[in-house]
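What follows is a single structure, written as structure tokens, with notes after it.
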Amino acid sequence: MALHYLESLDSQRMRWPGPGGVSAEEERQREHHELQVFTEVFTTLALGLDLVIPQSYAFDSLSFLRVASSVLEARDRVASREHPLRLHLHRAASFEEAVATMLHRTRADGHPLSSGLLPELHHAAEYGLDPGQVQADASSLDRLLNSYWIGDERAEALARIRAEFAALPRVRARPPAVPTDLAALITAAADESSAMSRAAQELSEPFRETHAILQRALRALDPIGSRGFSGRSAVRMDRPWPGDVAGRTPEEIVGGAEPLALVQEFVDTLYNTVVVDSIGTAQATFSTDLTTAGGSDVAARAVAQELALAHYRLRADLPPWLPHQRPSVEQSEGLPLFELRIDGTRATDEPGARAALRELRDTATAAFERLLAARAERPSRGGTPPPFWAGVEDLRTAATPAAAERALERHLARVAGLLGKGGSAGPAEGGLVEISLTSAGAVGPAIATALWSFPGLLEYPATALGAVAPLLARRATRIVKDRRGTRSRARALGRVAVVRG
């Protein structure tokens with residue numbers, strides 16, 4: 001069983017709406033994020049991998065619960081014995097026990113868990129609820145699922161996941177011998193004498209600049225004195241930072257929304273890297289928070305993500321990967337990890353664009369049925385593997401880069417056949433995999449694309465998608481040329497990586 005981890009399923013990426021609902025712009029961003037998740041989950045399953053979910057996201061990620069509902073509904077129709085979603089438990093013997101611990105933490109004093117799925121636990125009165133009743137309902141998963149305020153969508157999604165994971169064996173993790181916790185990582189990152197601080201001085205000026213902003217912000221948050229990084233929730237809460245005598249929020253302490261966004265990207269990447277390493281058997285896709293096209297901050301956040309990955313490896317005594325040049329806005333336009341594009345001639349107004357996105361989501365949901373049906377075909381004992389798994393096995397056993405490229409091309413041709421007119425799939429230069437979903441044929445009004453590197457497939461390692469590499473730059477040029485007439489609506493940078501590799 002090969003496992004893959006997606007940072008885009010982070011529970012902080014899409015939270016349950018506040019008491020006032022969401023604005024039109026927020027709703028648009030949520031639609032974009034859900035399409036990223038659909039595309040990345042489809043790509044994971046299309047490459048013959050199972051999706052590994054940490055207990056915190058299985059319980060608290062709205063992104064995961066929504067895509068899981070679509071995957072499991074499709075599975076139940078065409079492949080009832082397939083279980084492509086696998087649970088990773090940490091310090092818990094069951095999903096039930098893990099949820100009980102997380103619910104307890106939402107009620108804890110000092111450093112509570114900030115729930116993205118259940119904000120009522122923190123702001124009951126703002127939702128018009130009795131705080132005492134809400135806290136009583138959070139005493140167990142059973143009581144929570146039967147509370148009147150949780151509503152149908154969340155109750156049904158959690159009940160479905162609970163049933164799915166109840167009988168499945170947990171992922172057999174291979175954690176590091178000496179785990180590194182988040183608080184220790186943040187404390188080291190704030191230290192001007194740390195290995196990362198010394199290494200950063202050898203980087204190009206833009207990387208040094210971003211590192212300096214991060215280090216100043218982390219030092220201002222005083223990770224040792226405040227103990228604010230015993231978890232990562234406090235840095236996202238609009239409330240006084242732990243231990244701050246002036247009662248300032250994190251944004252006020254670090255000097256504004258932009259440095260806080262870099263801190264959050266850095267902390268989120270470290271958090272997800274710790275989780276991936278605690279599993280020890282999965283490769284992972286790290287992605288920046290999704291950015292609306294045209295925003296220059298996507299490049300800075302990609303730098304913060306790269307610095308977090310390098311810092312983790314230095315702390316874990318692993319050979320660091322260190323970037324050499326800051327990704328530019330132009331490069332991020334051409335070579336994103338995920339990109340959502342709209343046909344500029346057919347969906348120029350917002351209602352037309354929204355209709356195209358709804359159609360694109362329907363396409364993505366329907367594609368899961370055909371993919372899961374192909375994955376469900378298993379050979380009889382000693383028999384010939386069916387086409388889908390034969391392709392995956394050819395990839396796994398390829399002896400040379402050339403053989404791997406040929407195997408990848410054949411396998412992705414099968415995947416493209418499963419998509420039909422709803423998308424395309426194919427290999428890119430340098431071991432990259434490109435899978436696109438379209439809302440209306442090959443040149444539809446909306447295109448959602450995942451462009452991944454495939455660790456271990458070819459000779460050179462996974463490369464940051466914003467970094468300078470001639471092979472990737474040529475690929476980026478072709479992508480832009482092929483999509484002339486479309487305009488980018490949203491994108492994320494990132495990489496596929498093996499944390500310990």
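Listed values, structure above:
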{"read-out": "Test set (1) exposed (fewer than 15 other Cβ atoms within 10 Å of the Cβ); (2) free of Cβ contacts under 8 Å to residues at least 12 places away in the same chain - D238 fails condition number", "value": "(2)"}
{"read-out": "Residues satisfying the stated conditions in segment 212-251, i.e. charged (D, E, K, R) and closer than 21 Å to M196 by Cα", "value": "R216, R219, D222, R232"}
{"read-out": "Flag for L144 being in a loop (DSSP other than H, G, I, E, B), more than 25 Å from the chain's Cα centre (by Cα) and surrounded by 17 or more Cβ atoms within 10 Å (Cβ to Cβ)", "value": "no"}
{"read-out": "Count of segment 164-193 residues which are touching a His at 6+ places or on another chain (Cβ under 8 Å) and part of a loop (DSSP other than H, G, I, E, B)", "value": "4"}
{"read-out": "E82 vs. criteria surrounded by 14 or more Cβ atoms within 10 Å (Cβ to Cβ) and farther than 27 Å from R30 by Cα", "value": "yes"}
{"read-out": "Any hit, segment 378-387, residues being in a helix (DSSP H, G or I) and under 25 Å from Q36 (Cα atoms)", "value": "no"}
{"read-out": "Count - residues of segment 1-27 that are surrounded by fewer than 18 Cβ atoms within 10 Å (Cβ to Cβ) and assigned to a helix (DSSP H, G or I)", "value": "4"}
{"read-out": "Boolean, G417 is farther than 19 Å from R77 by Cα, of a type outside the set (S, T, N, Q) and modelled with pLDDT under 80", "value": "no"}
{"read-out": "Of all residues in segment 188-211 being open to solvent by 20 Å² or more (accessible area, probe 1.4 Å) and of a type in the set (S, T, N, Q), the one that is farthest from the chain's Cα centre (by Cα)", "value": "S193"}
{"read-out": "Of all residues making up segment 392-433, the number that are in contact (Cβ under 8 Å) with a residue 24 or more places away in the chain, touching an Asp or Glu at 6+ places or on another chain (Cβ under 6 Å) and either assigned to a helix (DSSP H, G or I) or surrounded by fewer than 18 Cβ atoms within 10 Å (Cβ to Cβ) (or both)", "value": "1"}
{"read-out": "Given (1) over 18 Å from L49 (Cα atoms); (2) in a helix (DSSP H, G or I); (3) not charged (D, E, K, R), number of the condition L437 does not satisfy", "value": "(2)"}
{"read-out": "Filter result (part of a helix (DSSP H, G or I) and open to solvent by 10 Å² or more (accessible area, probe 1.4 Å)) within segment 212-228", "value": "A212, I213, Q215, R216, R219, A220, P223, I224, G225, S226"}
{"read-out": "Any hit, segment 235-252, residues being within 30 Å of T44 (Cα to Cα) and touching a helix residue (DSSP H, G or I) at 6+ places or on another chain (Cβ under 8 Å)", "value": "yes"}
{"read-out": "Members of segment 147-163 found to be open to solvent by less than 20 Å² (accessible area, probe 1.4 Å), in a helix (DSSP H, G or I) and not hydrophobic (A, V, I, L, M, F, W, C), listed by number", "value": "R154"}
{"read-out": "Segment 164-187: number of residues that are surrounded by 14 or more Cβ atoms within 10 Å (Cβ to Cβ), closer than 28 Å to R315 by Cα and hydrophobic (A, V, I, L, M, F, W, C)", "value": "7"}
{"read-out": "Residue check, A58 open to solvent by less than 10 Å² (accessible area, probe 1.4 Å), over 30 Å from L408 (Cα atoms) and not in a loop (DSSP other than H, G, I, E, B)", "value": "yes"}
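Let's see how each residue does on (1) surrounded by fewer than 21 Cβ atoms within 10 Å (Cβ to Cβ); (2) part of a loop (DSSP other than H, G, I, E, B); (3) modelled with pLDDT under 75:
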residue: G295; (1), (2), (3): yes, yes, yes
residue: A299; (1), (2), (3): no, no, no
residue: A304; (1), (2), (3): no, no, no
residue: A308; (1), (2), (3): no, no, no
residue: H311; (1), (2), (3): no, no, no
residue: Q325; (1), (2), (3): yes, yes, yes
residue: E330; (1), (2), (3): yes, no, yes
residue: L340; (1), (2), (3): no, no, no
residue: R346; (1), (2), (3): yes, yes, yes
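The values are calculated or read from the model by the stated rules, or taken from the named source; none is laboratory data. Computed from a predicted structure; not experimentally measured. Here the Cβ is made from the backbone with ideal geometry for all residues, glycine too, and neighbour counts use every protein chain on show. Protein only, heavy atoms only, side chains kept; ligands, DNA and RNA dropped before computing areas. Shrake-Rupley method; radii C 1.70, N 1.55, O 1.52, S 1.80 Å.
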